[in-house]
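All remarks here apply to the structure that follows.
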Amino acid sequence: MSMREVFEQNPDRRYIMYGGKGGLGKTTFSAATAYWLAKQGMKVLVFSVDPQASLSDIFKRDIFGKGPVEIMPNLFAQEIDADQRIKEYQEEIRQKIRDMYGMTEIPEEIENYIQAAAAEPAMEESAIFDEVVDIVGSGNYDYYIYDLVPLGHALYYLSMASVYDQWIDKITALRTEMEEYSQVAAVMQRKKESEEDRILKELQFIKHRINVSSSILTDKQKTAFFFVVTPEEMIILDTKKAAGLFAKFDVPLAGYIVNRVIPPELAGQNIPAYLRNRMEMQTTYLKEIDQVFSGEVLARIPEFERDITGLPMIERMANVMFGGK
Ligand SMILES: Nc1ncnc2c1ncn2[C@@H]1O[C@H](COP(=O)(O)OP(=O)(O)O)[C@@H](O)[C@H]1O
Ligand SMILES: [Mg+2]
């Protein structure tokens, strides 16, 4: 199967992701896929959940923190500004405190606490996560292309979802248990119950939001997750491991794309021994890739003569990936 066939035969797969280690070509393939789909007349959003995002680089446009920016007809790109989102959270908290206690200014001690909480790494994760849920939940586009961080937030969301599942089970069990005593200690009970209810409600809300994201990831009908691999020993090993992890979380894999293949037609030319050696090495690993991921390799993408930035280069990449003029 080719990349084009995967898309044509699965028109319901509207969430597209490329996974793999850093520097292998995830952002490049995300942008080229977005470009190709937009040219097909689909309305596409490619967005980055990476704090060190590089969509701005590849499109040669400063899009950071500006919401969805139109790159060309049908193609929108967005880089999430997690810091901005955290600032909004902080302001929300301040407002709540002002309203609750009728204050005009936030006491220094509390302000210090708000500042310290924002510096927690979990805050950034949570801010990015919230933004992703908002974007995907908006439903304004035909296709959503996630430009992922190296190992893929995917796994993070999935593991979060199962943790919340366990919490909610526990709390539900606790409530059921308490109900059994409810006639014995009605007054005490009511207070406890309402507290548990509040926590339960809050958890269910968070879980629902996480499920929006993680159910998309595990939904073979809606999602295509591709792995990017290069013909190198360590990368093949890493990819095998990652694929195993994904299988454990039931993330369906759409296939593998091999990137940075030295064009085979060079072999017939007068090339230096250095390049010939590198090509031989690649030949060995390309065979291994075909064996290990047999039947699931969708494309071999050549190493271009320069990096992929700007729409003309992205178009060339899209043509190689999906076949074109
Ligand atoms: N086939 C290719 N030929 C030439 N340069 C490539 C190719 N694929 C990726 N690159 C370049 O390699 C660098 C890393 O690619 P990128 O897509 O940013 O990787 P990732 O998002 O996986 O970290 C970029 O500068 C990109 O332009
Ligand atoms: Mg990237």
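The numbers here are math on the coordinates, done by the rules we state, and not lab data. Because the structure is a prediction, the values reported are computed rather than measured. Methodologically, a virtual Cβ is constructed for each residue, glycine included, from the backbone with ideal geometry; neighbour enumeration extends over all protein chains shown.
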Mind checking the log10 I(q)/I(0) for the stretch 205-317 at q = 0.21 Å⁻¹? Debye, one equal scatterer per Cα, no solvent, two decimals.
-> -1.17
By how many nm would the segment from Leu275 to Glu296 lengthen if fully extended, with 0.36 nm per residue of separation less the alpha-carbon distance?
-> 4.8 nm
Highest-first arrangement of 55-63, 140-148, 23-31, 278-286, where packing means the average Cβ count within 10 Å | 23-31, 140-148, 55-63, 278-286
Give the residues of the stretch 213-246 whose amide nitrogen is closer than 12 Å to a point set 7 Å from the Cα of Glu303 in the direction of its Cβ.
-> 231-232
Here the averaged projected area of the stretch 22-135, based on the convex hull of its alpha-carbon atoms and given in nm², is 8.8
Pairs over 30 Å Cα to Cα, from Lys60/Lys248; Lys60/Lys287; Lys39/Lys222; Lys21/Lys220; Lys39/Lys287; Lys39/Lys60, come to Lys60/Lys248; Lys60/Lys287; Lys39/Lys287
Which order, highest average first, do 296-306, 253-263 follow once you tally other Cβ atoms within 10 Å for each residue and take the mean per peptide?
-> 253-263, 296-306
Among DSSP beta bridges lying fully in the stretch 25-140, give the percent that are antiparallel, nearest 5.
-> 35
By how many nm would the segment from Thr284 to Asn10 lengthen if fully extended, with 0.36 nm per residue of separation less the alpha-carbon distance?
-> 95.4 nm
